[in-house]
Amino acid sequence: MTPIEPNRSRTWHRSVLGAAVLGMGVLLTGTSAGAGSVDKTPFGNTQDGKAVDLYTLTNDRGASVKFIAYGGIITAINVPDRWGKLDNVVLGFKELADYESMNPYFGALIGRYGNRIGGAKFTLDGTQYQLAANNGPNSLHGGTKGFDKVVWAVEPLSSVSGAAARLNYTSKDGEEGYPGTLTVQVVYSLTNDNELRIDYEATTDKPTVVNLTSHSYFNLAGDGTGGIDDHILTINADRYTPVDATLIPTGQLASVTATPFDFRQGAPIGARIRSNDPQMAYGRGYDHNFVLNRSGGGLSLAARVYEPRSGRIMEISTTEPGVQFYSGNFLDSTLVGAAGQQYRQTDGFCLETQHFPDSPNKPSFPTTVLKPGETLKSTTIHKFSTDAS
Ligand code: BGC
């Protein structure tokens, strides 16, 4: 447990009865040993002077998830290997200034629209909306100042099954070119089953488009240990959305059969990453959305990743229709992570659960339109285990 310094850091403990005790500046007595906790410490100030705290969710098995209010960025996920040793399995920086100035979306909450919108524009109810073109001709991950670059308001939550916190942000009508005031809540929970659960909710006062996701780069062998080529990836998808040279889907839902995109039986990430399939050239590796096999709208298995040396396994379930598999292709040794190592191409991978890229311009894709009176609800669970458990 992180030591408590009054007025500097705060810890919220769950009592034996499971009731949350909030806002206390001192360690509470009477809490059950090993109960989940939420701890808060200062992480620094943004360049424009906003104080940013670091929160640590710790469950009763000692696993922890750390995140900062800036961008809702998950800075560490500490989970056991097959011998019980905890390691951080996500890429990240040491300093807030690095997250502000050079973050390729490590760990961040992404909105209003995760992934690309082609030509940086879309039309809704007859009105065309112009967005920032921040990725060639396209708009990527919400524009110039997306949800990854704003300071979220964080409240620790009561949870009987682990530790949790809610992040709140209200995006003004017209922010980054999107219509409607968008009120967003995201809950991070770390359950006592070593599941990181992310629940998203959003409402709007005008019709708009929304696609929320989380952008952790994983390395299940541990941050800073090198490449992810040997991780065995299974994706529960018979089809994917091929892209053009600017990574915008063509609109086709193509079969993965006999392509490097067939991960249905599990395959090492590196096995076909140098394939001369033109799709792989566009993304310099994998940077594609997979159409998840699912029946109904509930939680369903999207992907499973197994790292043979550590024995760690991550299973991702989601209510979303797609997952973007990005193999860290644009990491180019210029960034140095918290472990003091350079990040090179394929040192981490992302599995971003989401609606399909460019849906606002693709009427055949599942809709990303949100209207007043509706509530967007979306859940993704990352379950960590090992081949020994
Ligand atoms: C995109 C990549 C992009 C990366 C930025 C991913 O979600 O698909 O193309 O380079 O985010 O970190």
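Key figures
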quantity: Alpha-carbon centroid distance for the pair segment 88-149 / segment 246-282, whole angstrom; calculated: 24
quantity: Percent carbon-and-sulfur accessible area, segment 43-386, ignoring ligands, DNA and RNA, probe 1.4 Å; calculated: 48
quantity: Convex hull projection area averaged over all views, the chain, Cα basis, nm²; calculated: 18.7
quantity: Accessible surface, segment 252-389, averaged per residue in Å² (probe 1.4 Å); calculated: 42
quantity: H382 - accessible surface, heavy atoms, 1.4 Å probe, Å² rounded to 10; calculated: 10
quantity: Label-point separation, A388 to T181 (7 Å along Cα→Cβ), nm; calculated: 5.3
quantity: Where trypsin sites (Lys or Arg not before Pro) fall in DSSP loop in segment 343-386, at most 16 other Cβ within 10 Å; calculated: R344
quantity: Gaussian network model of the chain, Cα within-10 Å springs - most flexible of P372, P357, P268; calculated: P372
quantity: Q252-Q47 pseudo-label distance in nm [points 7 Å out on the Cα-to-Cβ vector]; calculated: 4.2
quantity: Accessible solvent surface per residue of segment 79-220, calculated while the other protein chains remain in place, 1.4 angstrom probe, Å²; calculated: 34
quantity: Farthest toward positive dipole pole in the chain [+1 Lys/Arg, -1 Asp/Glu at C-beta], among T375, T183, I74; calculated: T375
quantity: Exposure rule at most 12 other beta-carbon atoms within 10 Å, DSSP loop GluC sites (Glu not before Pro): the chain longest free segment; calculated: 96-373
quantity: Helical contribution to [θ] at 222 nm, DSSP H n ≥ 4, -39,500 (n - 2.57), averaged over the chain, rounded to 500; calculated: -1000 deg cm²/dmol
quantity: Distance violations [Cα-Cα > 23 Å] among K145/K206; K172/K371; K121/K206; K40/K145; K172/K206; calculated: K40/K145
quantity: Listed residues M314, M102, M280, most fluctuating in the chain (Gaussian network, C-alpha, under 10 Å); calculated: M102
quantity: Residue among G177, G126, G328 with the largest mean-square fluctuation in a Gaussian network model of the chain, springs linking Cα atoms under 10 Å; calculated: G126
quantity: Reachable lysines from K85, criterion Cα separation under 18 angstrom, eight or more residues apart if same chain; calculated: K66, K383
quantity: Extension gain from T375 to R274, taking 0.36 nm per residue of separation minus the Cα-Cα distance; calculated: 32.1 nm
quantity: Sites D230 and V160, calculated FRET efficiency, Cβ-Cβ separation with R0 30 Å, nearest 0.05; calculated: 0.20
quantity: In nm, spacing of pseudo-spin labels at T123 and K206 (7 Å Cα→C-beta vector); calculated: 1.8
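The values are calculated or read from the model by the stated rules, or taken from the named source; none is laboratory data. What you see is a predicted model; the values in this text were computed from it and never measured. Neighbour counts are summed over all protein chains in view; Cβ atoms, including those assigned to glycine, are modelled from backbone coordinates with ideal geometry. Ligands, DNA and RNA are stripped out before the accessible areas are found, and what is left, the full protein with its side chains, is counted by its heavy atoms. Shrake-Rupley method; radii C 1.70, N 1.55, O 1.52, S 1.80 Å.
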